[in-house]
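Undergrad: Below are the structure tokens for one structure; questions will follow.
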Amino acid sequence: MLIFIVIVTANPNLHKREHALNPRQAVSCVLSPEVDTGPYYLNAQLIREDIREGQVGVPVLLDAQVIDVNTCQPIPNIYVDFWSCNSTGTYSGYAVEGTLGLTHLRGIGVTDEDGIAQITTIFPGWYSGRATHIHVATHHNAVANTNTKTITGGTVSHVGQIFFEEKFLTQIDNTAPYNRNTLRRVRNAEDIYVGQAQANGYNSVATSVLLGSNLAQGLASSFTLAVNPGIDYTNGLNSPVRQPGVPVGGGNGGTTTRPGTTPTQPSQPPAGGNLQKYSQCGGLYNPFFL
């Protein structure tokens, strides 16, 4: 009798990054501007490395390096919130999106000794009035609950949005399942929130590289968040409290709003500085598989 053993492995092109940040290049240290939270934030997001939950799309290994704008040193052991729409432009957790009770593409990562929080997600899609983006927020001195995999307490030093290079966005336009979206994708240059996110010379566009020979094999994307730990935007992130199924606030860009939302004015960023910071995350991608 023959016995066949099938070994299923993770995509070898989507692997954890061995942080190789030395030597770091000194560039202008610019405070990351605050950008509107948007209507689809939910607190009590899960601490986890993979937030896909089976969502279909181009896989992305996403690195966020958090530094202190006052010292330009990496900040270890803080929590970074990530949330985005799926490949066809809908957010999880809201009845108006038809996703009440779902939690895909939401999660929290913790920074390591290099100040880097890393998650696995998919390249987000788009919806009316907005360029393709991912929301981020940083939590200082929060306490993790090992049972619920959530965080409580602490302060929020930054709420922002991260965008992607047009050279990859144009490829995504023609890639399944993104090409099923009949809405015209708003370019970065057309989105007012991109301009706000780029204030004071900050670069809010992630640096991306292919993880293989083509887009379908995934991207490694990285960006830096320069934050002031002494600033507290906790109320701006959590007030009014987001209840599942009830979107609050704005953040849809231009004059377009999504059904059931009310636009709000984006918060104003504090003044930036002229210190030095470490370069955006870079380095080698070694075969340490998920």
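Undergrad: What single numbered condition from (1) touching a residue at least 12 places away in the same chain (Cβ under 8 Å); (2) under 21 Å from His104 (Cβ atoms) fails to hold for Ser222?
TA: (2)
Undergrad: I would also like to ask the following. So how many residues does the stretch 41-58 have that are over 17 Å from Thr111 (Cα atoms) and out of contact with any helix residue (DSSP H, G or I) (no Cβ under 8 Å at 6 or more places or on another chain)? First the steps, then the outcome.
TA: Here is the first cut: in the stretch 41-58, the residues over 17 Å from Thr111 (Cα atoms) are 41-44, 52-58.
Now restrict to residues that are out of contact with any helix residue (DSSP H, G or I) (no Cβ under 8 Å at 6 or more places or on another chain): 42, 44, 52-56.
Adding up the residues that qualify gives 7.
Undergrad: Considering only residues that are part of a loop (DSSP other than H, G, I, E, B), surrounded by fewer than 23 Cβ atoms within 10 Å (Cβ to Cβ) and under 10 Å from the mean Cα position of the chain (by Cα), which ones fall in the stretch 76-109?
TA: None; the set is empty.
Undergrad: So, one more: If you go through the stretch 82-105, how many residues are within 22 Å of Val205 (Cβ to Cβ) and out of contact with any helix residue (DSSP H, G or I) (no Cβ under 8 Å at 6 or more places or on another chain)? Break it down stepwise before answering.
TA: We begin by selecting, within the stretch 82-105, every residue within 22 Å of Val205 (Cβ to Cβ); these are 82-87, 89, 91, 105.
From what's left, out of contact with any helix residue (DSSP H, G or I) (no Cβ under 8 Å at 6 or more places or on another chain): 82-86, 89, 105.
Looking only at that region, the number is 7.
Undergrad: On to the next question. Scan the stretch 43-67 for residues that are surrounded by fewer than 24 Cβ atoms within 10 Å (Cβ to Cβ), out of contact with any Pro (no Cβ under 9 Å at 6 or more places or on another chain) and of a type in the set (Gly, Ala, Ser) and jot them down.
TA: Once the filter is applied, which keeps residues that are surrounded by fewer than 24 Cβ atoms within 10 Å (Cβ to Cβ), out of contact with any Pro (no Cβ under 9 Å at 6 or more places or on another chain) and of a type in the set (Gly, Ala, Ser), the stretch 43-67 yields Ala44, Gly54.
Undergrad: So Pro177 passes all but one of these: (1) modelled with pLDDT of 95 or more; (2) surrounded by 21 or more Cβ atoms within 10 Å (Cβ to Cβ). Which condition number does it fail?
TA: Evaluating Pro177 over (1) modelled with pLDDT of 95 or more; (2) surrounded by 21 or more Cβ atoms within 10 Å (Cβ to Cβ) leaves (2) as the failure.
Undergrad: Pairs only if they're at least six apart or on different chains, beta carbon under 7 angstrom, first in the stretch 187-205 and among the aromatic types (Phe, Trp, Tyr), second surrounded by 15 or more Cβ atoms within 10 Å (Cβ to Cβ) and not in a loop (DSSP other than H, G, I, E, B); list them, first residue then second.
TA: Cβ pairs passing all conditions: Tyr193/Gln161.
Undergrad: Is it fair to say Cys72 is over 25 Å from Leu210 (Cβ atoms), in contact (Cβ under 8 Å) with a residue 40 or more places away in the chain and part of a loop (DSSP other than H, G, I, E, B)? Let's see the steps before the verdict.
TA: Details: over 25 Å from Leu210 (Cβ atoms): yes; in contact (Cβ under 8 Å) with a residue 40 or more places away in the chain: yes; part of a loop (DSSP other than H, G, I, E, B): yes.
In short, yes.
Undergrad: Out of (1) exposed (fewer than 15 other Cβ atoms within 10 Å of the Cβ); (2) at pLDDT 95 or above; (3) closer than 21 Å to His158 by Cβ, what's the single condition that is false for Val205?
TA: For Val205, the exception is condition (1).
Undergrad: Same structure again: Take Gly129 and decide whether it is closer than 19 Å to Asp63 by Cα and either of a type outside the set (Lys, Arg) or assigned to a loop (DSSP other than H, G, I, E, B) (or both). Quick ask: steps written out before the conclusion?
TA: On the way: closer than 19 Å to Asp63 by Cα: no; either of a type outside the set (Lys, Arg) or assigned to a loop (DSSP other than H, G, I, E, B) (or both): yes.
Answer is no for this residue.
Undergrad: Evaluate the following for Val227: is it touching a residue at least 12 places away in the same chain (Cβ under 8 Å), of a type outside the set (Lys, Arg), touching a His at 6+ places or on another chain (Cβ under 6 Å) and within 25 Å of His140 (Cα to Cα)?
TA: Details: touching a residue at least 12 places away in the same chain (Cβ under 8 Å): yes; of a type outside the set (Lys, Arg): yes; touching a His at 6+ places or on another chain (Cβ under 6 Å): yes; within 25 Å of His140 (Cα to Cα): yes.
In short, yes.
Undergrad: Does the stretch 152-174 hold any residues that are crowded, with 21+ Cβ neighbours inside 10 Å and either touching a helix residue (DSSP H, G or I) at 6+ places or on another chain (Cβ under 6 Å) or over 22 Å from Asn86 (Cβ atoms) (or both), and which are they?
TA: Val156, Ser157, His158, Val159, Gln161, Phe163, Ile172, listed by residue number.
Undergrad: Also, quick follow-up: Report every pair of residues separated by at least 6 positions or lying on different chains whose Cβ atoms are under 6 Å apart, first residue within the stretch 102-125 and over 18 Å from Val159 (Cβ atoms) and among the aromatic types (Phe, Trp, Tyr), second modelled with pLDDT of 95 or more and in a loop (DSSP other than H, G, I, E, B).
TA: Phe123/Gly57; Phe123/Val58
The values are calculated or read from the model by the stated rules, or taken from the named source; none is laboratory data. None of these values were measured; they are calculated from a predicted model. Note that each Cβ is placed from the backbone with ideal geometry, even for glycine, and that neighbours are counted across all protein chains shown.
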